[in-house]
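So the structure is just underneath, and the comments pick up after that.
The values are calculated or read from the model by the stated rules, or taken from the named source; none is laboratory data. Computed from a predicted model, the values in this text were never measured in an experiment. FYI the Cβ positions are ideal-geometry reconstructions off the backbone, even for glycines, and counts take in every protein chain you see. Protein only, heavy atoms only, side chains kept; ligands, DNA and RNA dropped before computing areas. Shrake-Rupley method; radii C 1.70, N 1.55, O 1.52, S 1.80 Å.
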Amino acid sequence: MTSDDEQQARIELRAWQLKMQRAPSFLNNFARRVQVRLNAFLPEKVHQAITSAIKQMVRGVLFGSQHTTGKVLANATFAQRETAVRGQIRNYRTMATAEGAMTGAGGFLLGLADFPLLLGLKLKLLFDVAAAYGYDVHDYTERLYLLYVFQLAFSSQHTRNATYHRLADWDAYRLTLPLNPEEFYWRTFQQEYRDYIDLAKMAQLLPFVGAAVGAVANYKLIEQLGETAKNCYRMRYFAAESLQSRPLPPRLP
């Protein structure tokens with residue numbers, strides 16, 4: 001990767017980091033209050049479908065790595081990894097857009113089916129991005145890292161600040177993780193995600209406009225997850241690069 005290209009990646013990463021660390025604005029607080037009220041109008045079936053899908057997704061990530069399909073990209077340059085990730089985001093974005101349009105056009109029942117289907121695509125994207133950056137998700141802590149990336153992408157600014165700091169200091173934070181994956185507190189995780197997407201997705205259940213809403217919402221959600229994952233792994237890459245280039249302390253006589 002040329003120095004100019006790497007510098008551009010660093011600039012993009014820095015802008016993203018500043019965005020992740022912003023304090024909640026008035027609009028963030030207002031949107032949070034509106035979201036709570038809107039949740040009360042959604043049918044209970046919708047809430048149950050989302051909650052069940054998220055719970056199964058979290059358990060699947062914590063207790064197994066069966067979702068991985070690609071091999072870890074080893075001995076690759078940073079440019080090659082970035083190219084692979086951009087292609088993956090593009091492919092999953094296309095699949096999610098088509099899936100959202102089809103389920104949105106199918107009415108209420110198919111609209112409900114979109115939630116677990118979209119979750120599956122998001123999860124698969126995360127595993128593939130991790131492999132492209134050279135991380136082996138057979139390691140339980142790497143799978144937990146993916147869950148925090150997911151939470152960072154789809155949570156309110158209140159939760160986002162705390163989640164970002166965990167990821168920014170991951171090498172230290174991972175040492176504090178429980179050995180038992182059952183101790184992961186998934187309820188907060190699923191509530192944040194559910195609150196985040198309800199507003200974007202509930203219009204997909206409406207007749208006539210469901211197909212268009214489903215296609216656009218899925219496109220944007222996959223795009224957001226992909227960009228979040230890419231910057232999280234950029235952050236790890238540059239941190240490791242900085243550590244490797246740090247001079248060794250002088251030897252004692």
- Per the filter on the stretch 13-33, residues modelled with pLDDT of 65 or more and open to solvent by less than 80 Å² (accessible area, probe 1.4 Å) are L13, A15, W16, Q17, M20, Q21, A23, P24, S25
- Query: Residues of the stretch 146-157 being within 16 Å of Q21 (Cα to Cα) and modelled with pLDDT of 85 or more, which ones?
  - Reply: Y148, V149, Q151, L152, A153
- Query: If you check K55, K45, K122, which single one turns out to be in contact with a Phe, Trp or Tyr (Cβ under 8 Å, 6 or more places away or on another chain), at pLDDT below 80, assigned to a helix (DSSP H, G or I) and of a type in the set (D, E, K, R)?
  - Reply: K55
- Item | Test for L38: is it at pLDDT below 65 and either part of a helix (DSSP H, G or I) or not acidic (D, E) (or both) | yes
- Query: So A76 fits all but one of (1) in a loop (DSSP other than H, G, I, E, B); (2) open to solvent by 30 Å² or more (accessible area, probe 1.4 Å); (3) at pLDDT 85 or above; what number is the exception?
  - Reply: (2)
- Note on the structure: Only one of K201, K230 is within 19 Å of the chain's Cα centre (by Cα) and at pLDDT below 80, namely K201
- Message: I need every pair where a residue in the stretch 82-97 that is within 11 Å of V129 (Cβ to Cβ) has its Cβ under 6 Å from the Cβ of a residue that is of a type in the set (V, I, T) and assigned to a helix (DSSP H, G or I), sequence separation at least 6 or different chains.
- Response: V85/V129; Y92/I222
- Task: Please find, among R143, R160, R174, R194, the residue that is at pLDDT below 75, open to solvent by less than 60 Å² (accessible area, probe 1.4 Å) and touching a helix residue (DSSP H, G or I) at 6+ places or on another chain (Cβ under 8 Å).
- Result: R194
- Pairs only if they're at least six apart or on different chains, beta carbon under 9 angstrom, first in the stretch 221-238 and within 13 Å of Q17 (Cα to Cα), second open to solvent by less than 10 Å² (accessible area, probe 1.4 Å) and not in a helix (DSSP H, G or I); list them, first residue then second. T228/F154
